[in-house]
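Worksheet: one structure, shown below.
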Amino acid sequence: MSEQENRQLVEQAYAKFKAGDIPMLLQSMSEDITWQLPQVENVPLGGKRQGRDAVGEFFSTLASLMDVRSFEPRELIAQADKVVVLGHYDWQVKANGRTWESDFAHVFTVRGGQIVAFQEYMDTAATAKAFNQA
């Protein structure tokens, strides 16, 4: 696929996420996708997941733990098989009502018309603080 097609695939993935259409979002991913977020103490969303089913579980966990207040992919940069997305989001933790926000960088790897890898970079201190039970 071309860089433009890769960019469009990622744009469509974000649209599916924002619409809450997780089953269709998962269809844009390879069966053996690698999905990785920073590991943050007391935050069950972090770490590495392997496979579409595990990513589906990630989205279920995400929905059970937090509500999105805003989610804004702002810039998409496509080169070769990578699409880097720079943006900003704002979340509310359901268990304690705390909010947190962060700029983010998402790095997608696309091959054969499917997302085969995802890596997220964010403000882990803000995340940890929001989930802290103290």
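The values are calculated or read from the model by the stated rules, or taken from the named source; none is laboratory data. Here the structure is a predicted model, which means the values were calculated and not measured. For neighbour counting, all protein chains shown are included, and Cβ atoms are generated from backbone atoms with ideal geometry for every residue, glycine included.
Structure summary
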quantity: Neighbours by Cβ (under 7 Å, 6+ apart or cross-chain): first from the range 54-76, among the β-branched types (Val, Ile, Thr) and surrounded by 13 or more Cβ atoms within 10 Å (Cβ to Cβ); second part of a helix (DSSP H, G or I) and modelled with pLDDT of 95 or more; calculated: Val55/Leu26
quantity: The range 1-10, residues that are surrounded by fewer than 14 Cβ atoms within 10 Å (Cβ to Cβ) and either assigned to a helix (DSSP H, G or I) or acidic (Asp, Glu) (or both); calculated: Gln4, Glu5
quantity: Strands (runs of 3 or more DSSP E) enclosed by the range 30-134 - at least 2 residues per element that are among the aliphatic types (A, V, I, L, M); calculated: 66-79, 82-93, 99-111, 114-121
quantity: Selection from the range 1-47 of residues that are farther than 19 Å from Ser60 by Cα and more than 12 Å from the chain's Cα centre (by Cα); calculated: Met1, Ser2, Glu3, Gln4, Glu5, Asn6, Arg7, Gln8, Leu9, Glu11, Gln12, Glu41
quantity: Test result for Phe59, out of contact with any Lys or Arg (no Cβ under 7 Å at 6 or more places or on another chain) and of a type outside the set (Ser, Thr, Tyr); calculated: yes
quantity: Filter result for Glu41 (more than 30 Å from Gln4 (Cβ to Cβ), charged (D, E, K, R) and exposed (fewer than 14 other Cβ atoms within 10 Å of the Cβ)); calculated: yes
quantity: Residues of the range 83-97 satisfying the condition of being surrounded by 13 or more Cβ atoms within 10 Å (Cβ to Cβ) and free of Cβ contacts under 8 Å to residues at least 40 places away in the same chain; calculated: Val84, Leu86, Gly87, His88, Tyr89, Asp90, Trp91, Gln92, Val93
quantity: Breaking point among (1) under 12 Å from the mean Cα position of the chain (by Cα); (2) closer than 20 Å to Thr124 by Cβ, for Met66; calculated: (1)
quantity: Condition met for Asn132 (on the phi > 0 side of the Ramachandran plot and either surrounded by 17 or more Cβ atoms within 10 Å (Cβ to Cβ) or among the polar types (S, T, N, Q) (or both)); calculated: no
quantity: Failed condition for Gln27, given (1) within 17 Å of Gly113 (Cα to Cα); (2) in contact with a strand residue (DSSP E or B) (Cβ under 6 Å, 6 or more places away or on another chain); calculated: (2)
